[in-house]
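Following: one structure in structure tokens, then a few remarks.
The values are calculated or read from the model by the stated rules, or taken from the named source; none is laboratory data. Just so it is clear, the model here is predicted, and its values are computed rather than measured. A quick note on method: Cβ atoms are made from the backbone with ideal geometry, for glycine too, and the neighbour counts reach across all protein chains shown. What goes into the accessible areas is simple: the full protein's heavy atoms, side chains included, and nothing from ligands, DNA or RNA. Shrake-Rupley method; radii C 1.70, N 1.55, O 1.52, S 1.80 Å.
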Amino acid sequence: MIILACTGMALGLFYALLMLYYYAGWRKLKSYTAPVDYIPETFVSVIIPARNEEKNISALLDQILRQHYPSNLLEVIVVDDASSDQTRELVKSYAKRSVHLITLKNPENEIAYKKKAIDQGIAESKGKLIITTDADCRVDENWVRTIASYQDKFQASFISSPVKMDPSVNLFQKFQVLEFAGLVGIGAAAIAQCKPNMCNGANIAYLKEAYYAVNGFSGNDGIPSGDDEFLMHKMFGASPSKVMFLTSKEAIVSTAPAATLYEFIQQRKRWVSKSTKYENKMITLILALCYLFNLSLLINFVLIFFCPQLLSVLLLQIVLKISTEGLLLWELLKFYNIRKLIVWLIPEQLAHIIYVIFIGIAGNFSNYHWKGRKI
């Protein structure tokens with residue numbers, strides 16, 4: 001029991017220090033707003049991989065076409081990945097408005113469908129700056145302008161920008177909003193600390209020349225997910241100072257939480273499936289230690305019924321988790337203007353323990369369904 005107690009305490013202290021490290025990283029980031037007198041000169045290509053998105057694609061295209069950015073410097077490319085609904089027909093109706101439809105070649109021979117779609121879109125694009133997002137997202141009217149001006153000012157080769165899940169009246173979805181905000185914050189903070197780990201492909205931008213300089217997705221094109229993070233790591237390896245996080249409310253991309261538990265589990269299994277594939281094994285090690293910390297919480301909870309002395313260790317672990325993670329979330333929810341959700345922090349954190357343990361196993365040892373495919 002002494003070994004368990006000491007191990008639990010060590011993991012708890014590690015986790016608390018890690019969250020404080022990320023909190024300090026987030027605090028380093030400075031808010032950015034595009035200058036009023038900014039005159040765009042960069043040609044931008046927005047690339048949207050899409051599969052069976054007839055319910056979402058029109059709303060996103062309408063928002064992109066209303067961007068405060070010169071139309072002669074902006075093109076939108078939708079890469080259709082074997083949709084069986086009306087996605088292609090809807091995109092074709094925008095053909096006269098600088099929206100180009102590309103059909104993914106030989107999707108049945110691919111594993112990394114999204115990477116292939118993006119790569120094909122980049123190959124046929126005209127832009128110097130590539131921005132990628134997902135078909136089920138929503139963007140601000142200054143989204144492109146903000147990203148382009150930021151790249152122009154700081155000469156970034158890779159820009160990760162914030163993604164926000166829209167709050168919902170559904171408690172399950174509120175929990176998702178909190179958890180997702182934490183993930184985005186950790187990714188942003190890690191970039192600020194020059195130790196990038198994660199980002200979100202729903203809102204990233206990079207120079208086309210930088211993409212080809214690192215051979216694009218080559219080397220991880222056999223892994224279904226990771227079109228965002230693996231590319232960021234490669235670009236960081238090539239030019240560490242040129243990988244940045246854009247902290248701007250006008251650059252936020254919004255998306256909806258998973259509607260069902262099944263959809264949520266499949267999404268998170270896809271995200272977790274790449275956790276052992278990172279070239280930088282320090283990222284894998286940190287993920288493993290975080291997993292072990294959550295596992296120790298569950299183990300100690302079970303063991304307190306047989307060894308009450310472990311209760312103090314368990315309570316201290318929980319306090320360390322909630323207080324330090326809550327500190328980071330408080331800042332993130334302020335940025336997203338949804339601080340009222342902090343009232344759900346404690347139940348979300350307790351549910352998060354079970355979620356991490358389950359998804360950690362399921363994501364690495366079982367298949368998942370994505371866009372109607374079993375992967």
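Looking at the stretch 340-350, which of the residues that are farther than 17 Å from residue 319 by Cβ and touching a helix residue (DSSP H, G or I) at 6+ places or on another chain (Cβ under 7 Å) is least open to solvent (accessible area, probe 1.4 Å)?
Ranking the qualifying residues of the stretch 340-350, first place goes to 341.
Would you be able to say whether some residue in the stretch 8-23 is more than 22 Å from residue 228 (Cα to Cα), assigned to a loop (DSSP other than H, G, I, E, B) and either without any contact (Cβ under 8 Å) to a residue 24 or more places away in the chain or among the aromatic types (Phe, Trp, Tyr) (or both)? So that I can check it myself, show each step before the final result.
Filtering the stretch 8-23 for residues more than 22 Å from residue 228 (Cα to Cα) gives 8-21, 23.
Going one step further and asking which of them are assigned to a loop (DSSP other than H, G, I, E, B), we end up with none.
No, the stretch 8-23 contains no residue that is more than 22 Å from residue 228 (Cα to Cα), assigned to a loop (DSSP other than H, G, I, E, B) and either without any contact (Cβ under 8 Å) to a residue 24 or more places away in the chain or among the aromatic types (Phe, Trp, Tyr) (or both).
Output the residue which, of all residues in the stretch 62-71 that are touching a residue at least 60 places away in the same chain (Cβ under 8 Å) and open to solvent by 40 Å² or more (accessible area, probe 1.4 Å), is farthest from residue 255 (Cα to Cα). Show your work before the answer.
Quick first cut of the stretch 62-71, residues touching a residue at least 60 places away in the same chain (Cβ under 8 Å) only: 63-64, 66-69.
Filter once more, so that each one left must be open to solvent by 40 Å² or more (accessible area, probe 1.4 Å): 63, 66, 68.
Details: 63: 14, 66: 18, 68: 21 Å.
Among those that are touching a residue at least 60 places away in the same chain (Cβ under 8 Å) and open to solvent by 40 Å² or more (accessible area, probe 1.4 Å), it is 68.
Output the residues belonging to the stretch 19-78 that are among the charged types (D, E, K, R) and within 30 Å of residue 324 (Cα to Cα).
Start the filter on the stretch 19-78 by keeping residues that are among the charged types (D, E, K, R), which leaves 27-28, 30, 37, 41, 51, 53-55, 62, 66, 75.
Passing the criteria: 27, 28, 30.
Report, by residue number, each residue of the stretch 315-330 that is farther than 17 Å from residue 182 by Cβ and buried (at least 18 other Cβ atoms within 10 Å of the Cβ). Break it down stepwise before answering.
So in the stretch 315-330, the residues farther than 17 Å from residue 182 by Cβ come out as 315-317, 319.
Within the stretch 315-330, 317 is the sole residue that qualifies.
Does residue 138 qualify as being modelled with pLDDT of 95 or more and in contact with a His (Cβ under 7 Å, 6 or more places away or on another chain)?
Details: modelled with pLDDT of 95 or more: yes; in contact with a His (Cβ under 7 Å, 6 or more places away or on another chain): no.
No.
Report, by residue number, each residue of the stretch 282-301 that is open to solvent by 70 Å² or more (accessible area, probe 1.4 Å) and more than 27 Å from the chain's Cα centre (by Cα).
Once the filter is applied, which keeps residues that are open to solvent by 70 Å² or more (accessible area, probe 1.4 Å) and more than 27 Å from the chain's Cα centre (by Cα), the stretch 282-301 yields 299, 301.
Go through the stretch 191-300 and tell me which helices (runs of 4 or more DSSP H), entirely inside it, have 1 or more residues that are β-branched (Val, Ile, Thr) and out of contact with any Gly (no Cβ under 8 Å at 6 or more places or on another chain). Full working, then the answer.
Working: elements: 208-213, 229-238, 261-272.
Where helices (runs of 4 or more DSSP H) fall fully within the stretch 191-300 and carry at least 1 residues being β-branched (Val, Ile, Thr) and out of contact with any Gly (no Cβ under 8 Å at 6 or more places or on another chain), they are 261-272.
When you scan the stretch 305-322, do you find a residue that is assigned to a loop (DSSP other than H, G, I, E, B) and modelled with pLDDT of 90 or more, even just one?
Our first condition is that a residue be assigned to a loop (DSSP other than H, G, I, E, B); within the stretch 305-322, this holds for 305-307.
So of that shortlist, the ones also modelled with pLDDT of 90 or more come out as none.
The answer is no; no qualifying residue exists.
Conditions tested, residue by residue: (1) out of contact with any Gly (no Cβ under 9 Å at 6 or more places or on another chain); (2) open to solvent by less than 40 Å² (accessible area, probe 1.4 Å).
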{"residue": "21", "(1), (2)": "yes, no"}
{"residue": "27", "(1), (2)": "yes, no"}
{"residue": "31", "(1), (2)": "yes, no"}
{"residue": "36", "(1), (2)": "yes, no"}
{"residue": "41", "(1), (2)": "yes, no"}
{"residue": "48", "(1), (2)": "no, yes"}
{"residue": "51", "(1), (2)": "no, yes"}
{"residue": "60", "(1), (2)": "yes, yes"}
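Residue 312 is checked against (1) of a type outside the set (A, V, I, L, M); (2) open to solvent by 70 Å² or more (accessible area, probe 1.4 Å); (3) in contact (Cβ under 8 Å) with a residue 12 or more places away in the chain and fails just one. What number does that condition carry?
Looking at each condition in turn, residue 312 falls short on (3).
If you check 234, 208, 249, which single one turns out to be closer than 30 Å to residue 337 by Cβ and open to solvent by 30 Å² or more (accessible area, probe 1.4 Å)? It would help to see each step written out before you state the result.
Details: 234 fails: closer than 30 Å to residue 337 by Cβ; 208 fails: closer than 30 Å to residue 337 by Cβ.
Answer to the selection: 249.
Among (1) outside any loop (DSSP other than H, G, I, E, B); (2) touching a residue at least 12 places away in the same chain (Cβ under 8 Å), which single condition is residue 96 missing?
All conditions pass for residue 96, except number (2).
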